[in-house]
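In what follows, a structure is listed as structure tokens, so that the remarks can point back to it.
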Amino acid sequence: MSFSRILTNICSDRLSESRDFYVALLGFEISYDSDWYVQLRNPSNYEQEFGIILRSHNLVPQEFQTAPTGMYVTFVVPDVDEVYEKALDMGIHIVQEPRNEFYGQRRFLTTDPNGCLIDICSPFS
């Protein structure tokens, strides 16, 4: 089997705030913006996309319209410390400050406006 695309979508009760969070912190650009769905993309690689759907939209089954738990989204960036400083400047809640992990990544953890755990990391040597 093959497929032509993988797109991560998260659910949100705060669509505009979530859009602005990802644009400001990670530099996404908006490729689609409506009252029920936002699609973001990496401005240097349009194939890297991230979607945000209104949690209460009828496309989201009722049993999945709850706050996220048991998962997190990872963004690999060129310089995790630079993004961390930006997060501090934005006043974003930091769950875990940057640290080098045993598997070769330096990362910090935060949450987005929906309470979704976000892992931002860079390889280190």
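None of the figures in this text is laboratory data; all of them are computed from the coordinates on show. Small disclaimer: the values here were computed from a predicted structure and weren't measured. Every residue, glycine among them, receives a Cβ derived from its backbone with ideal geometry; neighbour counts consider all protein chains shown.
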Out of the DSSP beta bridges found with both residues in segment 8-123, what percent are antiparallel (nearest 5)? 70 percent
Whole-Hz couplings from phi, Karplus 6.51/-1.76/1.60, listed for segment 38-47; x for Gly and Pro: 10, 10, 10, 8, 6, x, 9, 7, 4, 7
Which cross-chain or sequence-distant (5 or more) residues have an amide H under 5 Å from the amide H of Val95, H modelled 1.01 Å from N in plane? Leu109, Thr110, Thr111
Taking the 0 to 90 degree range and rounding to the nearest ten, how far is the long axis of helix 80-90 tilted relative to the main principal axis of the chain, both from C-alpha atoms? 60 degrees
Most exposed first, judged by fewest Cβ atoms within 10 angstrom, Ser34, Ser12 run Ser34, Ser12
What does the charge count near Ser4 come to, summing +1 for each Lys or Arg and -1 for each Asp or Glu among other residues with Cβ under 14 Å from its Cβ? -1
Rounded to whole Hz, the Karplus (6.51, -1.76, 1.60) HN-Hα couplings of segment 107-124, x for glycine and proline: 9, 10, 10, 9, 10, 8, x, 9, x, 6, 6, 10, 9, 10, 9, 9, x, 10
In a GNM of the chain with a 10 Å cut-off on Cα contacts, which of Glu97, Glu17, Glu63 has the highest mean-square fluctuation? Glu63
So, by mean Cβ neighbours within 10 angstrom, what's the order for 101-107, 64-70 with the highest one leading? 101-107, 64-70
Give the shape of segment 51-125 as rounded, prolate or oblate, defined through the alpha-carbon gyration tensor: a ≥ b ≥ c are the square roots of its eigenvalues, a/c under 1.5 means rounded, and otherwise the shape is prolate if a/b is larger than b/c and oblate if not. prolate
Footprinting exposure proxy for Tyr46, Tyr22 (fewest neighbouring C-beta atoms within 10 Å first): Tyr46, Tyr22
